[in-house]
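Notes to accompany the following structure.
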Amino acid sequence: MWTEWFGPSTLLTAWTLFVATWIFSTFIALWKWNEWVGPVERKNSEDLFPLAQAQYLKGDWYEAESILGRLIQLDPSDIESHLMLTSIYRRTQRTELARRTLRYLERLEDSH
């Protein structure tokens, strides 16, 4: 009985407004989430680089490489991490990976 109170066009408009509001709210929530999480990721990356350096200086190449991989995943343009990773590749006789990483850095520099 109550479904007859509103015509089909009114119901369609109401549902459209509801869905549009829901989508808009989702985008706003994601945007605010990124604002909140972004500084946390930057702080974590600042904490990770000294840890990678310490592992590198100890000669723990595997752990240093793992940490540098996480750093590069957070910021693919992190030159320092790429350079240290190149050094690890050289020390572990993976010269082709070292060359590829250096070529990547050259392209990165050319694009800036």
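Side notes on the structure shown:
- Compared with the alpha-carbon gap, the fully stretched path from Thr21 to Leu51 is longer by 6.3 nm at 0.36 nm per residue.
- Over the chain, relative contact order from alpha-carbon pairs under 8 Å, at least 6 apart, %: 15 percent
- Simple point charges give the picture: +1 on the Cβ of Lys and Arg, -1 on the Cβ of Asp and Glu, and for the chain a dipole about the Cα centre of about 340 debye.
- Between helix 79-91 and the chain: long-axis angle, C-alpha atoms, 0 to 90°, nearest 10: 50 degrees
- Calculated FRET value between Leu105 and Asn34, using beta carbons and R₀ = 22 Å, to 0.05: 0.20
- Charge-dipole axis of region 9-111 as Lys and Arg at +1 and Asp and Glu at -1 on Cβ define it, positive-most pick from Val19, Gln53, Leu105: Leu105
- With Cα atoms, 0 to 90° folded angle of helix 8-58 axis to the chain main axis: 10 degrees
- Calculated Rg and Dmax of region 9-111 using C-alpha coordinates, Å: 21.6, 71
- Between the Cα long axis of helix 61-74 and the first principal axis of the chain there is an angle of about 30°, rounded to the nearest 10.
Just so you know, all these numbers are worked out from the coordinates, no wet-lab data involved. Owing to the predicted nature of the structure, the values given are computational and were not obtained by experimental measurement. Ideal geometry is used to build each Cβ from the backbone, glycine not excepted, and the neighbour counts take in all protein chains shown.
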